[in-house]
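Trainee: Here you go, one structure.
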Amino acid sequence: MVGADASISAGTAEALLEELVRTSQEASPAELPEVLNRYVQAMGLGRVVVYLVDLQQRLLLPLDEGEEDMEADGTLAGWAYRTDSLRVTEDGAGGLVVWLPLVNAAERLGVVRFTMKTLDGHRLWRCRALASLLALIVISKRTYIDSIAQRCRTRPMQLHTEMLRAFLPPRSIGTGRVVSTAVVEPAYELGGDAFDHSFTEDILHATILDAMGHDLASGLTTSVAMAGCRNARRTGADLAQLVTAVDEALSRWLPDQFCTGIFAQLHMPTGVLRWCNCGHPAPLLIRRHRLHQKALARPPEPPLGLPASMSSDPRQVHETALEPGDQILLYTDGVVEARDEGGEQFGLERFTDYIIRSTAAGHTASEVLRLLIHAILDQGKNELSDDATILMIEWQPPLAE
């Protein structure tokens, strides 16, 4: 690539972009930073560094060797990540530093730093476009490049956690109508908790699971339940059939194991929510910044994987209509049972109040859960007696609907 400034022709810009896409596909992890910097220099954008957020969303870790880690709280880089917005500051040498969030739809991946001499509207547009492209590059490469997984970790991970995390989807997914976001701890010693969310046509599917125990067997139980759920969903099963498929898979392959869980489906155009609760804490509804604790409570049903002889009744599927702005919370008992050093539980009231207050303060759904899980960890000095998983759904249809 040859040097260029912000006034390069559209044809040259297209050729440079085509070269970036091609070379980034061919680049090894070690070569990728150099490929990116050749492009930004040719486009008159100075220098670029990509930072990825760590598993616990406390640090922003650079892909480039020699760059310093950045705290997600209390830094300009962290501000761009937390608020999903632009931040520009002087670099102390007569130039500018531009921070942009690295996002793919609702999933927050990290931030991108550009260092340049001047900034105008055209250059900023190019920076935003490149940040969007970089998000896609990271998403595509992380499926087969372990260097990305390594960079997002700050310590070794236990074997059963490695197995279970291989099944987890992105923390956040979303469309113009809905966002589903989740957090799970302990990040490196996860036992039997898991979540899942995905889309089919105009349906959001969301699942939370909590297997008995905190070892390889519990991780395997949850993994089989997740696989059974996805297999049924991808063959067109309705909600009742899906839950039956998970029951049958566990009772057949792991007859000595069971887990609790909730399987939910949200029809995004209408807000109709359907769910099946299998021995799990009831989902919670927050509407207009108020908790409606019993709104989704239904008679309890047996956990998943119990022999058919212990429960001959079919699983019950429940249904309700959401209102715009409603938040649905699925959680495991480790969230409310987390204790501080004095033995006091975090509790349901503090759990839901934290979400209500953070939402009212203007935080996004993803940021609300990041702050919440950190509050739970911090009160117990990063020690949990049980896995803690939260999945939150926000239904925000366009006003015309």
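Trainee: Residues in the range 246-262 that are in contact with a Ser or Thr (Cβ under 7 Å, 6 or more places away or on another chain) and in a loop (DSSP other than H, G, I, E, B): how many?
Mentor: 2
Trainee: Let me ask something additional. Considering only residues that are among the aliphatic types (A, V, I, L, M) and within 17 Å of Arg171 (Cα to Cα), which ones fall in the range 187-216?
Mentor: Ala187, Leu190, Ala194, Leu204, Ala206, Ile208, Leu209
Trainee: Going through Leu63, Leu16, Leu20, Leu52 one at a time, which residue ends up being of a type outside the set (Phe, Trp, Tyr) and at pLDDT below 85?
Mentor: Leu16
Trainee: Here is a check on your reading of the model: is Leu306 touching a residue at least 24 places away in the same chain (Cβ under 8 Å), touching a Ser or Thr at 6+ places or on another chain (Cβ under 9 Å) and assigned to a strand (DSSP E or B)? Before the answer, list the steps.
Mentor: Working: touching a residue at least 24 places away in the same chain (Cβ under 8 Å): yes; touching a Ser or Thr at 6+ places or on another chain (Cβ under 9 Å): yes; assigned to a strand (DSSP E or B): no.
So Leu306 fails the test.
Trainee: Continuing with the same structure: Might you check whether a residue that is without any contact (Cβ under 8 Å) to a residue 40 or more places away in the chain and surrounded by 13 or more Cβ atoms within 10 Å (Cβ to Cβ) occurs anywhere in the range 337-346?
Mentor: yes
Trainee: Also: For the range 105-127, what are the residues that are under 27 Å from Arg370 (Cα atoms) and surrounded by 15 or more Cβ atoms within 10 Å (Cβ to Cβ)?
Mentor: Passing the criteria: Ala106, Glu107, Arg108, Leu109, Gly110, Val111, Val112, Arg113, Phe114, Cys127.
Trainee: Within the range 127-158, track down each residue that is within 19 Å of Leu32 (Cα to Cα), of a type in the set (D, E, K, R) and out of contact with any Leu (no Cβ under 6 Å at 6 or more places or on another chain).
Mentor: Residues satisfying the conditions are Arg128, Lys141, Arg142, Asp146.
Trainee: Another one. Those residues that are open to solvent by less than 20 Å² (accessible area, probe 1.4 Å), among the small types (Gly, Ala, Ser) and within 15 Å of Gly46 (Cβ to Cβ), I need them from the range 80-104; list them, please.
Mentor: Matches in the range 80-104: Gly95 only.
Trainee: Keeping to the range 161-188, report how many residues are closer than 16 Å to Ser223 by Cβ, in a loop (DSSP other than H, G, I, E, B) and open to solvent by 40 Å² or more (accessible area, probe 1.4 Å). So that I can check it myself, show each step before the final result.
Mentor: Residues of the range 161-188 that are closer than 16 Å to Ser223 by Cβ, as a first pass: 161-169, 184.
Pick out the ones that are also in a loop (DSSP other than H, G, I, E, B) and you get 166-169.
Among the residues that remain, those that are also open to solvent by 40 Å² or more (accessible area, probe 1.4 Å) are: 166-167.
Going through the range 161-188 one residue at a time, the tally reaches 2.
Trainee: Still on this structure, I have one more. Could you identify the single residue in Arg165, Arg177, Arg155 that is in contact (Cβ under 8 Å) with a residue 40 or more places away in the chain and basic (Lys, Arg)?
Mentor: Going through Arg165, Arg177, Arg155 in turn, the sole match is Arg177.
Trainee: Are there strands (runs of 3 or more DSSP E) fully within the range 86-146 with at least 1 residues that are under 21 Å from the mean Cα position of the chain (by Cα)? List them.
Mentor: Counting at least 1 such residues, we get 96-104, 107-116.
Trainee: Tell me, which residue of the range 368-397 that is open to solvent by 10 Å² or more (accessible area, probe 1.4 Å) and among the charged types (D, E, K, R) is modelled with the lowest pLDDT?
Mentor: This residue is Lys381.
The values are calculated or read from the model by the stated rules, or taken from the named source; none is laboratory data. From a predicted model like this one, the values you see are computed outputs, not experimental measurements. No Cβ is skipped: glycine too gets one built from the backbone with ideal geometry, and neighbour counts run over all protein chains shown. For the accessible areas, the whole protein counts, side chains as well, though only heavy atoms, and no ligand, DNA or RNA atoms are used. Shrake-Rupley method; radii C 1.70, N 1.55, O 1.52, S 1.80 Å.
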